[in-house]
């Protein structure tokens, strides 16, 4: 069927599961050209020309079926029609299913989709709000993946010996692993464990060799060979720490715009949630147009209800609330439900109505004195 994608402002061909449709069978008419037929697929329009190939399908060739197609939310179009038919070739060829979809003028596609969305959202404000919220959640989830990935990069740098020394060199000193020749010259363990030195080299990053010498002189390491050796190794530690610091700062720069986008997406999600609550509140205060369909229609009589009983009970006002969380297989349109619902009546003698669609989702059994009310019902306090 044809639908509209409001995000890309384009027409889409979609598959909607669980929705039964009536498909007419039409007779194909042979033309003077072999294997060329015409068939009246669209009522009132010129017959469609169909070419039938004699090539036999390779039965050994495996057809890969996409068992997990991309799912999405689209809006129906009141102007675009989908025409279905099963073409009967009178036994000369196998019957053929044909689906033809009206196509939007590409030059005006964006404008048409925007107009249709505006009209549809005006007629269905709660559904539109729910759709906007779902899209906001998806945007936030997508941005959050990038955010978490970049945070992981930063944390990886921070977890290195250099990163830990940057956080606190006293608690996490960075030690130079010397070999025997180096140790013979330095005559001591060389480690970076000075907060003041860390502060100084971060401020004057190009002058850290002189800062190291000044530190060692203060510590009275004055022997020429020893001073030179310790200076070289401690300077190497400073260089390693500064490189890690630069990597962390660069990663933080990349994180900044992602964080900004994340905050914006969180705001859009919050606004979407508020809009849904606002629209649900509007629906909650109204007596819905009751729809009695499918399973409920069959239960009414045996449970002691008539259409008028249900209308009278609803007219008396709400007495509680519940939820409609039916699975797709349990709804007439095959779409499932995830909506708030209102309860009318009293314990043991009540009707539950979907706030959004007006569908009666449950009627109690008035003929059963031992009837147990649905556990999802929250009765209003008197």
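The values are calculated or read from the model by the stated rules, or taken from the named source; none is laboratory data. Small disclaimer: the values here were computed from a predicted structure and weren't measured. Cβ: placed from backbone, ideal geometry, glycine included. Neighbour counts: every protein chain shown.
Remarks
- Residue-level check: of (1) part of a helix (DSSP H, G or I); (2) assigned by TED's automatic domain parsing to the domain that holds residue 51, residue 143 misses just (2).
For every residue, the table says whether it meets (1) under 14 Å from residue 359 (Cα atoms); (2) modelled with pLDDT of 90 or more; (3) surrounded by 13 or more Cβ atoms within 10 Å (Cβ to Cβ).
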| residue | (1), (2), (3) |
| --- | --- |
| 264 | no, yes, yes |
| 272 | no, yes, yes |
| 282 | no, no, no |
| 289 | yes, no, no |
| 304 | no, yes, yes |
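- The residues in region 93-123 that are in a loop (DSSP other than H, G, I, E, B) and at pLDDT 80 or above can be counted, and the count is 3.
- Residue in region 315-327 that is closer than 16 Å to residue 130 by Cβ, assigned to a strand (DSSP E or B) and without any contact (Cβ under 8 Å) to a residue 60 or more places away in the chain present: yes
- Flag for residue 201 being in contact with a strand residue (DSSP E or B) (Cβ under 9 Å, 6 or more places away or on another chain) and part of a helix (DSSP H, G or I): no
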